[in-house]
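Input: a single structure, listed below in structure tokens.
Bear in mind these aren't lab numbers, they're just calculated from the coordinates by the rules spelled out. Predicted model, so just to flag it, every value in this text is computed and none were measured. Quick reminder, even Gly has a Cβ in these numbers, built from the backbone with ideal geometry, and neighbours come from all protein chains shown.
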Amino acid sequence: MGRKRGASYPYQARQGGEARRDQATDIENVIHWAHGEADCDPKRIGLWGTSYSGGHVVHVAAVDHRVKALVSQVGGMDSSFVVANEQARAATYDGATRRARGELGYPPPRAVVIGKLQGGPVAEKMIHNSPVNEAGNAPNCAMLFIVAEKEELFDNRDHAVKAHALAKGPKKLVSIPGIAHYGIYNEARHEATRLAIEWFDAHLKN
């Protein structure tokens, strides 16, 4: 079983955000490696992702059907807002052009650019990130979605709630009351961990 947290990627530490393709490849490589381990049961692979990685695990499960269970905590699953309208597209592509030409650098680690989000996103690397629409492509993967009742970084209805509705296999949606996005790392950490372990026990041990 592999577990990754949204803030744990070296790409983010260095550049404030990186393309889903790069981060998802990290997760896929963990699965490939685990399959070569003698003590790994290849029929019991699970993924656990938080925040942006909460979307990555949905994408990986959709393209690699060796994943039998996943937990997505406060998952950000749709970055289409970076090209959602003419103004957003202009800003995103202008930044992309300037960065490609060496005229614009990457945000520093933990930069606060959007609301209370810790880590400045690189908009042009988010254009094609929409794992919410892939949730239905993994019918044999049991999916648990954990959301924060007071999520302030995005609308849960456009992310985990939508993904849960599209998922075709065993699924569950849990809202932890009273917490905002980063509460999953702090006051709700033990509750979220308990929910995840119970989910994996139910769907990977049997």
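Would you list which lysines come within 24 Å of residue 172, measuring only between C-alpha atoms, while excluding same-chain residues fewer than 8 positions from it?
Within the straight-line limit of under 24 Å, residue 172 reaches these lysines: 4, 43, 68, 150, 162, 205.
How big is D for the stretch 159-206, in µm² s⁻¹ as a whole number, if Stokes-Einstein is applied with the Kirkwood radius of its Cα pairs at 20 °C and 1.002 mPa s? Provide the component values of the computation, followed by the final result.
Numbers: Rh = 12.2 Å.
Answer from the Stokes-Einstein relation: 176 µm²/s.
Nearest 500 deg cm²/dmol is fine: what mean residue ellipticity at 222 nm does the chain get from its DSSP H runs of n ≥ 4 alone, each adding -39,500 (n - 2.57), divided by its residue count?
-11000 deg cm²/dmol
Which order do 149, 124 fall in if you start with the one that has the fewest other Cβ atoms within 10 Å? Write out the running numbers ahead of the final one.
Values: 149 13, 124 18.
Listed from fewest to most nearby Cβ atoms, that is 149, 124.
If packing is taken as the average number of other Cβ atoms within 10 Å across a peptide's residues, how do 48-55, 165-172, 33-40 rank, most packed first?
Numbers: 48-55: 27.0, 165-172: 16.4, 33-40: 9.9.
The packing order, highest mean first, is 48-55, 165-172, 33-40.
Tell me, what ³J(HN,Hα) does each residue in the stretch 199-205 have, in order and in whole Hz, if you take phi through Karplus 6.51 cos²θ - 1.76 cosθ + 1.60 with θ = phi - 60° and put x for Gly and Pro?
After applying 6.51 cos²θ - 1.76 cosθ + 1.60, I find 5, 5, 4, 5, 10, 10, 8 Hz.
Each residue of the stretch 152-167 in turn: what ³J(HN,Hα) in whole Hz from Karplus with 6.51, -1.76, 1.60 and θ = phi - 60°, glycine and Pro shown as x?
Running phi through 6.51 cos²θ - 1.76 cosθ + 1.60 with θ = phi - 60° gives 10, 8, 6, 8, 3, 5, 8, 10, 4, 5, 5, 4, 4, 5, 7, 4 Hz.
Of the candidates 103, 28, 187, which one comes out as most mobile in a Gaussian network treatment of the chain with C-alpha springs shorter than 10 Å?
103
Per-residue HN-Hα couplings for the stretch 91-108, Karplus 6.51 cos²θ - 1.76 cosθ + 1.60 at θ = phi - 60°, whole Hz, x for Gly and Pro?
So the J values, rounded to whole Hz, are 5, 5, 6, 5, x, 5, 5, 5, 5, 5, 8, x, 9, 9, x, 9, x, x.
Mind ordering 72-83, 112-123 by average Cβ neighbours within 10 Å, highest first?
Details: 72-83: 23.7, 112-123: 16.7.
My ranking of the peptides, most packed first, is 72-83, 112-123.
Using the basic label-point model (7 angstrom from Cα toward the beta carbon), what is the residue 98 to residue 190 distance in nanometres?
For the pair residue 98/residue 190, the computed spacing is 4.7 nm.
Could you tell me, in Å, what Rg and Dmax come out for the Cα atoms of the stretch 62-116?
Over the stretch 62-116's Cα set, Rg and Dmax evaluate to 16.1, 44 Å.
With only Lys, Arg, Asp and Glu charged, each at its Cβ (+1 for the first two, -1 for the last two), find how big the charge dipole of the stretch 14-93 is about the Cα centre; round to the nearest 20 debye. Walk me through the intermediate numbers first.
Values: 8 positive and 10 negative charges, 27 e Å.
Dipole of the stretch 14-93, to the nearest 20 debye: 120 debye.
Tilt of helix 52-63 relative to the longest C-alpha principal axis of the chain, in degrees (0 to 90, nearest 10)?
The two axes meet at around 60 degrees.
Work out the length of the dipole vector of the chain about its Cα centre, built from +1 on the beta-carbon of each Lys and Arg and -1 on the beta-carbon of each Asp and Glu, and round it to the nearest 20 debye. If you can, show how the numbers build up before the last one.
Numbers: 26 positive and 23 negative charges, 26 e Å.
So the magnitude is around 120 debye.
Determine which residues of the stretch 99-138 fall in the zone a paramagnetic label at residue 157 would reach in this model, i.e. backbone nitrogen under 19 Å from the point 7 Å along Cα→Cβ.
Counting only backbone N, you get 132-133.
If amide hydrogens are placed 1.01 Å from N in the peptide plane, which non-local residues have theirs closer than 5 Å to the one on residue 104?
Residues meeting the criterion, in which the H sits 1.01 Å from N, are 99.
Non-local amide H neighbours of residue 147 (under 5 Å, H modeled in plane, Pro and chain starts lacking H): which ones?
Those qualifying (amide H under 5 Å, at least 5 residues apart or on another chain) are 74, 174, 175, 176.
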